[in-house]
Amino acid sequence: MSQTKIYEGKAKILYTTEDPEILLTVYKDDATAFNAQKRGQIEGKGVINCQITAALFTWLGSNNIPTHYLDCPQPNQMRVKAVKIVPVEVVVRNIAAGSLCRQTGLPEGKVLPSPLVEYYYKSDELGDPLLTRDRIFLLDLVDPQRLTEIENMARKINQNLQSFFERCHITLVDFKLEFGIDAEENLLLADEISPDTCRLWDRDNTDPQSRVMDKDRFRKDLGQVESAYQQVQQRVLAQLKQQL
Ligand code: TMP
């Protein structure tokens with residue numbers, strides 16, 4: 001095989017292909033949390049997250065949001081356009097949860113007056129710290145024009161995903177995005193959108209623990225992680241079928 005492993009992350013492995021403009025992402029069942037201090041496996045997660053990401057990237061693509069997604073040669077494998085990943089993770093929040101509550105004292109579940117867009121430095125050694133605009137420019141991570149483009153795209157993605165998940169009877173609490181730049185200098189949505197990278201609450205359930213359909217079930221040892229991920233996959237794929 002002409003595939004060479006170029007990078008192994010916590011949840012995915014990246015390989016080269018015969019075509020230098022195309023990479024292969026293999027999604028793993030491995031799960032980590034708290035900067036890999038907690039490790040485990042979620043059975044079937046590789047396939048589920050690959051399929052959910054493919055569905056959401058297809059949906060976003062049909063709404064004029066460019067992504068690096070090409071196709072899935074296997075259920076847990078995704079061919080993507082090769083891009084240079086921007087070293088800034090973009091988190092969009094609609095409802096207070098997680099680190100926002102810990103760092104600001106806002107109560108979990110508070111609906112934010114408008115979506116919050118935050119930037120984190122993609123650096124495992126530093127533990128992905130929160131960035132400010134000035135720190136982004138100080139470190140020369142992204143230039144001001146590109147950062148505006150990223151923020152606008154993140155807000156547009158949020159609007160599209162919120163309405164998509166609403167139709168799945170799921171509340172999109174918050175999520176993390178990564179962006180890449182292709183050979184023609186175009187900005188593309190990259191990486192994944194899955195229960196690993198989003199907070200998703202069952203809209204028909206108000207219990208603060210049983211409504212959780214995302215990786216918080218793993219982070220907080222809530223149990224029934226696999227079935228929650230499966231439920232998200234089922235609803236997302238059913239909704240995509242209706243939309244396209
Ligand atoms: P946070 O509340 O822990 O800052 O997380 C915000 C969102 O970002 C949540 O949906 C989970 C996602 N996320 C990742 O995808 N990767 C990460 O490393 C972290 C810390 C959060």
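Values in this text are rule-based calculations from the coordinates and carry no lab data. The structure displayed is predicted, hence computed values, not measured ones. Using ideal geometry, Cβ is built from the backbone for each residue, glycine included, and neighbour counts are taken over all protein chains shown.
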For this session: Note down, for the chain, the three equivalent ellipsoid semi-axes (square root of 5 times each alpha carbon gyration tensor eigenvalue), biggest first, whole angstrom.
Result: 25, 23, 19
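Give me Leu126, Leu222, Leu187 ranked fewest to most by other Cβ atoms within 10 Å of their Cβ, as a rough exposure proxy.
Lowest to highest Cβ neighbour count: Leu126, Leu222, Leu187.
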Exercise. What nm value, rounded to one decimal, do you get for the distance between Ala36 and Asp128 when each label is placed 7 Å out toward the C-beta?
Worked result: 1.3
Problem set entry | Sequence-separation-based contact order of region 1-151, relative, with Cα cut under 8 Å and 6+ spacing, percent | 14
Exercise. For Lys38, which lysines qualify as cross-link partners when the Cα separation must be under 23 Å and same-chain residues fewer than eight apart are set aside?
Worked result: Lys10, Lys12, Lys28, Lys122, Lys176, Lys215, Lys220
For this session: Mean Kyte-Doolittle of at least -0.5 plus a Cα span of 20 Å or more along the axis: flag which DSSP H helices in the chain meet both, please.
Result: 45-62
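If R0 is 25 Å, what FRET efficiency do you get for Thr58 and Asp204 from their C-beta distance, rounded to 0.05?
Approximately 0.45, to the nearest 0.05.
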For this session: Provide the packing ranking of 45-56, 9-20, i.e. peptides ordered by the mean count of other C-beta atoms within 10 Å per residue, highest first.
Result: 45-56, 9-20
